[in-house]
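Down below is the structure, laid out as structure tokens.
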Amino acid sequence: MTFGAATFRTSNRADSITRMRTKSWICSTLLLISGVGAAAAQMCSGEASFSRVPARFFATMAFGSSSFYHGGLAFGRSRLFAALEAGMTTYQQNESWDYRINLGAQFARRVDPKAQVCPQVLFSLTTGAGDVSGLTINYRENLIGAGVDAGFVLYEKGDARIIPNASLGLLGGRIKYTYSTGTKRTQDADAYGLLTTGIGFGLNKQLTISPTVTVPLGRGGASTLYGVTFSIGKVQED
């Protein structure tokens, strides 16, 4: 997917708030990638199959130049899945609120596969504010993204499992600034990528812990992020 370039240059104050927002944006949009959260299906994110656990709650945190804390609900069946999530991102003394909808599909060559690929799309809204030279600037980011995840079962014994996974995603969209003076500006957001690797540790049928490392691609000033997701679901009765 290709995203448009910025149509104009923001003022110096807007540039300052943009630099602050850039660091928090990388962190808050991490959950595009199923390797980071429970928002995807089974081995693509190191999780149990949705055919076994059709719904799960998840909580995710990650730390780098900024920090984020998200929670939500993921649900699906043998082929399609979706997730709803919300949370907060912090950068220095600033905070933003994040809302996400994630949709995807899972593909494998066998009925009981050992490897899987999952294309996904993300729709995201982030709102926040910052003070620059005594002027308050509120911003609203509307993002769309697409990505693909893959994972395979390295170890499985009983209900325990170890599932390495990796993912690559692209994001972009538009940002709307509203100044305390009443002035409004809108600009296209530069597209950038996220490369994530992780390992899902299934402790039993319901509980999974997934540490991850995410590297931003094509986004200057953004740092590598280290995160972990906890998910728990209700097992489908036979």
(request) Exactly one condition in (1) part of a strand (DSSP E or B); (2) open to solvent by 50 Å² or more (accessible area, probe 1.4 Å) is not met by ARG110; state its number. (result) (1)
(message) Any residue in region 91-113 that is touching a residue at least 60 places away in the same chain (Cβ under 8 Å) sitting within a Cβ distance under 6 Å of a residue that is among the small types (Gly, Ala, Ser) and assigned to a strand (DSSP E or B)? List the pairs, counting only those 6 or more apart or interchain.
(response) ASN94/GLY130; SER96/GLY128; ASP98/GLY87; ARG100/SER124; ASN102/ALA83
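Which members of region 216-233 meet the condition of being over 28 Å from SER51 (Cα atoms), part of a strand (DSSP E or B) and either open to solvent by 60 Å² or more (accessible area, probe 1.4 Å) or touching a Lys or Arg at 6+ places or on another chain (Cβ under 6 Å) (or both)?
Step one: of region 216-233, the residues over 28 Å from SER51 (Cα atoms) are 216-226.
Those still in the list that are part of a strand (DSSP E or B) too: 216-217, 225-226.
Hits for region 216-233 are LEU217, TYR226.
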(message) Looking at region 160-185, I want the residues that are free of Cβ contacts under 8 Å to residues at least 12 places away in the same chain and have a partner that is among the hydrophobic types (A, V, I, L, M, F, W, C) and assigned to a strand (DSSP E or B) with Cβ atoms under 7 Å, at least 6 apart or on another chain. Which pairs are those?
(response) none
(message) Tell me yes or no: at least one residue of region 129-143 is closer than 22 Å to GLY200 by Cβ, part of a strand (DSSP E or B), open to solvent by 30 Å² or more (accessible area, probe 1.4 Å) and touching a residue at least 12 places away in the same chain (Cβ under 8 Å).
(response) no
(request) Output the residues belonging to region 45-83 that are closer than 20 Å to GLN236 by Cβ, of a type in the set (A, V, I, L, M, F, W, C) and open to solvent by 20 Å² or more (accessible area, probe 1.4 Å). (result) ALA55, PHE57, LEU73, PHE75, LEU80
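Quick one: which residue in GLN92, GLN120 is open to solvent by 90 Å² or more (accessible area, probe 1.4 Å), touching a helix residue (DSSP H, G or I) at 6+ places or on another chain (Cβ under 8 Å) and of a type outside the set (Phe, Trp, Tyr)? Step through it out loud before you land on a result.
Details: GLN120 fails: open to solvent by 90 Å² or more (accessible area, probe 1.4 Å).
None of the others qualify; the one that does is GLN92.
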(message) Step by step: first the residues of region 144-167, then only those that are assigned to a strand (DSSP E or B), of a type in the set (A, V, I, L, M, F, W, C) and open to solvent by 10 Å² or more (accessible area, probe 1.4 Å), then the one that is nearest to GLN92 (Cα to Cα). Which residue is that?
(response) ILE144
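Restricting attention to region 199-211, and to residues there that are open to solvent by 10 Å² or more (accessible area, probe 1.4 Å) and not aliphatic (A, V, I, L, M), which single residue is nearest to ALA160 (Cα to Cα)?
Restricting attention to region 199-211, the residues satisfying the condition of being open to solvent by 10 Å² or more (accessible area, probe 1.4 Å) are 199, 201, 203-207, 209, 211.
Pick out the ones that are also not aliphatic (A, V, I, L, M) and you get 201, 204-206, 211.
On the way: PHE201: 8, ASN204: 5, LYS205: 8, GLN206: 10, PRO211: 16 Å.
Here the answer is ASN204.
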(message) Every residue in region 184-215 that is more than 27 Å from TYR139 (Cα to Cα), of a type in the set (D, E, K, R) and in a strand (DSSP E or B), please.
(response) none
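The values are calculated or read from the model by the stated rules, or taken from the named source; none is laboratory data. Note that this is a predicted model, so its numbers are computed, not measured. Glycine also receives a Cβ, built like all others from the backbone with ideal geometry; neighbour counts cover every protein chain displayed. SASA here: full protein model, heavy atoms, side chains in, ligands and nucleic acids out. Shrake-Rupley method; radii C 1.70, N 1.55, O 1.52, S 1.80 Å.
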